[in-house]
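Below: the structure, in structure tokens.
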Amino acid sequence: MKNIVITFTLLALSFGSACAQNLSAADQKAIDETLALGQSAFQKMDVSILAPLLNENVEQIIPNGTIVRGKANVISGMSAYMGYLQSQPKPDRVESKKTSQQYRYLMPDMVLVTSSEENTSFFGDKSTVEKLTTAMVFHKVNGKWLTELIALTPVTR
């Protein structure tokens, strides 16, 4: 029994230290590339760019608190959202500022990325400021970082 307790303790400690490690440069680069592709999809309003970035069982928590489950449902919802965005007035210019970003291993093949940004959209002499806080979980599958969870919290003022 004593050996089982010691073995379990050592496993727990090694797992805990693996999760507490800073993200490797290679993992951060790969995840940043995935994030950049996602941003590109929204800039181009092209949902087909997003599909290969999502795990089959991806979940998304949208701002109204609804949980959308599964790749097909998330893609459908994002496509509808992009359609909505395309129907809105276009600002004269947008200034974006990332205010924070943090990466953390949850497991050796799973990473939590939290970030906040502030976007100011200018419409003539008027402007709106939107703060967006995002939490995303990425899971490494067959050497590729795929999105497992997306949670968005926008605040407009």
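The values are calculated or read from the model by the stated rules, or taken from the named source; none is laboratory data. Quick caveat: nothing in here was measured; it's all calculated off a predicted structure. Note that we place each Cβ from the backbone using ideal geometry, even for glycine, and neighbour counts take in every protein chain shown. Keep in mind that these areas ignore ligands, DNA and RNA; they rest on the heavy atoms of the full protein, side chains included. Shrake-Rupley method; radii C 1.70, N 1.55, O 1.52, S 1.80 Å.
Which of (1) farther than 24 Å from A51 by Cα; (2) at pLDDT 95 or above is the odd one out, the single condition K90 does not satisfy?
Only one criterion is unmet by K90, namely (2).
Between a first residue in the stretch 138-157 that is closer than 30 Å to F122 by Cα and a second residue that is in a strand (DSSP E or B) and open to solvent by 50 Å² or more (accessible area, probe 1.4 Å), which pairs have beta carbons less than 6 Å apart while being 6 or more apart in sequence or on different chains?
Going by the 6 Å Cβ cut-off, the qualifying pairs are A151/I61; T153/T133; P154/E130; V155/K131; T156/E130.
Based on what the data block shows, is S100 out of contact with any Cys (no Cβ under 7 Å at 6 or more places or on another chain), surrounded by 13 or more Cβ atoms within 10 Å (Cβ to Cβ) and small (G, A, S)?
So S100 does not fit the description; no.
Hey, can you tell me all the residues within the stretch 103-140 that are closer than 15 Å to A26 by Cα and either open to solvent by 50 Å² or more (accessible area, probe 1.4 Å) or modelled with pLDDT under 95 (or both)?
Result: R104, P108, D109, K140.
Out of A41, A80, A26, which single residue is open to solvent by less than 50 Å² (accessible area, probe 1.4 Å) and not in a strand (DSSP E or B)?
A41
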